[in-house]
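Data block below; observations after.
All of the numbers you see were taken from the coordinates with simple rules; none came from a lab. Everything numeric in this text was worked out from a predicted model, so none of it was measured. Quick reminder, even Gly has a Cβ in these numbers, built from the backbone with ideal geometry, and neighbours come from all protein chains shown.
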Amino acid sequence: MANFTVQDVFLRFGPNYIKNHKLSIDEWKVFNAIMKCRTKALGIHSSICEICGEEYFSFNSCRNRHCPMCQNYQKELWIQNESSYLLDCPYFHIVTTIPYELNDIILYNKKDCYNILFKATSESILKLANDPKWLGAKPGITSILHTWGSNMEFHPHIHSIVTGGGINNNKWINCQENYLFKVQVLSSLFKGKFLAYLKSLDLQFPYHLKHLKDIKNFNKFLEPLYNKDWITYIEPPKGKVENVIEYIGRYAFRICISNERIKNISNTSVTFQYKDYKDNGNVKLMTISGEEFIRRFLLHVLPKYFTKIKHYGLLANRCKKSIIKLCRILIGQRIFSDFSISIKKELHKFLCPSCKFSLSNSNFNFFRL
């Protein structure tokens, strides 16, 4: 079977798409980056093996965070760095989701709405964890923004990886086995916080929602959402502690669709693989027009400089080095030296196609032509 890529879709259908659609500056940058990635438009570089002297030439990558061909190396770098903050405790996976009724508003106010999504999620988790009724301590949280569903439609939600324990008065408090707090309580608290923050924003509305500029109309629009159950999920700890950081890395550097999911490109359409969660997560094929594929892809372009991975609680950037040291002392944690070493070896390993010698970065010479 032929291998298809997102770049192939853009090259085939992109010229017609830009004739019929107006792109934002951020969308233009992503569009151009994907079109040019690993082509002569970005130049080439040379790699020379210092063992056998063989020289190899490769096209430069675009390094755009939305490009499916440019994520692996950045993911490995991130995993290497974050592994130094791993704690010997269980980790929970929490998902907080916004209902589809708010999608059009969020698309017109991406930066502000994504920020309050992070804020409502982290504050809700920290408040419940600090409550003596549940954990009674401050946990560590790594939150990652995703804006898509499996079918590439707009579906903003946050994946949070939360330590199954925390610090209170310089003591480490372990959670109950496979239990952090009630998901219904988290859902209700998160819903209230997000809607309160949404009301405080100076929002822009699409044409068909202009009437919501009136505060009475806006409150009436939001009223049904207070009575709706928002989808929130808490997954109990799974596997070894060492696997957590790689698990996070997969979520952190995932984009709305990988090249492997694209199964066919015709003259008019694109066929890709997706999971139908309305049918027990069964894997199916979906065929849409090439222009619709690009439209859906560009829905997930993040605002310039927006950070899609954020840390809270014990992992807040301003203090996490010293706090993690204290946590390890309190837990009596063993150091994951073998795990860290294996990550570094994997990250820096190159194999010369000619002499088959495994080399590190220092054994290759890189330069732009």
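Roughly speaking, what % of Cα-Cα pairs in region 65-214 are separated by over 27 Å, rounded to a whole number? Before the final figure, lay out each step's value.
On the way: 3894 of 11175 pairs.
Counting pairs separated by more than 27 Å, the tail of P(r) holds 35 percent.
For region 81-235, the relative contact order comes to 33 percent (Cα pairs under 8 Å, sequence separation of at least 6).
Straight-distance candidates among the lysines for linking to LYS40, with alpha-carbon spacing under 19 Å and chain neighbours fewer than 8 residues away dropped: LYS29.
For the residues GLY140, GLY166, GLY332, a GNM of the chain with alpha-carbon springs under 10 Å puts the largest fluctuation on GLY332. Counting only aspartates and glutamates at least 8 places from LYS320 when in the same chain, those with an alpha carbon closer than 18 Å to its own are GLU82, ASP88, GLU123. Largest mean-square fluctuation among ASN72, ASN20, ASN103, in a Gaussian network model of the chain whose springs join Cα atoms under 10 Å apart, belongs to ASN20. Within the chain, what's the longest run with no GluC sites (Glu not before Pro) in a DSSP loop and at most 16 other beta-carbon atoms within 10 Å? Give the range, please. Here the longest run is 178-369.
Checked against a 27 Å cut-off, the cross-linked pairs LYS119/LYS304; LYS191/LYS263; LYS133/LYS275 give Cα-Cα distances beyond that limit for LYS191/LYS263; LYS133/LYS275.
In the chain, what cysteines have no partner Cβ closer than 4.7 Å? Within the chain, the cysteines lacking a partner Cβ under 4.7 Å are CYS89, CYS113, CYS175, CYS256, CYS319, CYS327.
For region 1-150, the relative contact order is 12 percent, taking Cα pairs closer than 8 Å that sit 6 or more residues apart in sequence and dividing their mean separation by the residue count. The order of the peptides 104-110, 235-241, 252-258 by mean Cβ neighbours within 10 Å, most packed first, is 252-258, 104-110, 235-241.
Recomputing percent of Cα pairs over 36 Å apart from the coordinates shown identifies the correct label among (i) 26; (ii) 19; (iii) 33 as (iii). Within the listed set THR97, THR287, THR268, the Gaussian network model of the chain (springs between alpha-carbon atoms below 10 Å) gives the highest mean-square fluctuation for THR268.
Over its Cα atoms, what ratio of radius of gyration to 2.2 N^0.38 Å does region 1-106 give? Don't skip to the answer; put the middle values down first.
Values: Rg = 19.8 Å, N = 106, 2.2 N^0.38 = 12.9 Å.
Against the empirical 2.2 N^0.38 Å value, I get 1.53 for region 1-106.
Based on Cα contacts under 8 Å between residues 6+ apart, the chain shows a relative contact order of 27 percent. To the nearest Å, what is the center-to-center distance of region 23-63 and region 258-276, using C-alpha atoms only? Each part's Cα centre sits 24 Å from the other's. Each of LYS127, LYS304, LYS138 was scored by other Cβ atoms within 10 Å of its Cβ. Arranged with the fewest first, they read LYS304, LYS127, LYS138.
Return the subset of LYS75/LYS240; LYS75/LYS308; LYS138/LYS238; LYS22/LYS310 for which the Cα-Cα distance in this structure is over 23 Å, preserving the input order.
Values: LYS75/LYS240 20 Å; LYS75/LYS308 13 Å; LYS138/LYS238 21 Å; LYS22/LYS310 31 Å.
In this structure, LYS22/LYS310 exceed 23 Å between Cα atoms.
DSSP loop (so not H, G, I, E, B), at most 16 other Cβ within 10 Å: list which chymotrypsin sites (Phe, Trp or Tyr not before Pro) in region 255-305 pass both filters. Qualifying residues, ordered by number: TYR305.
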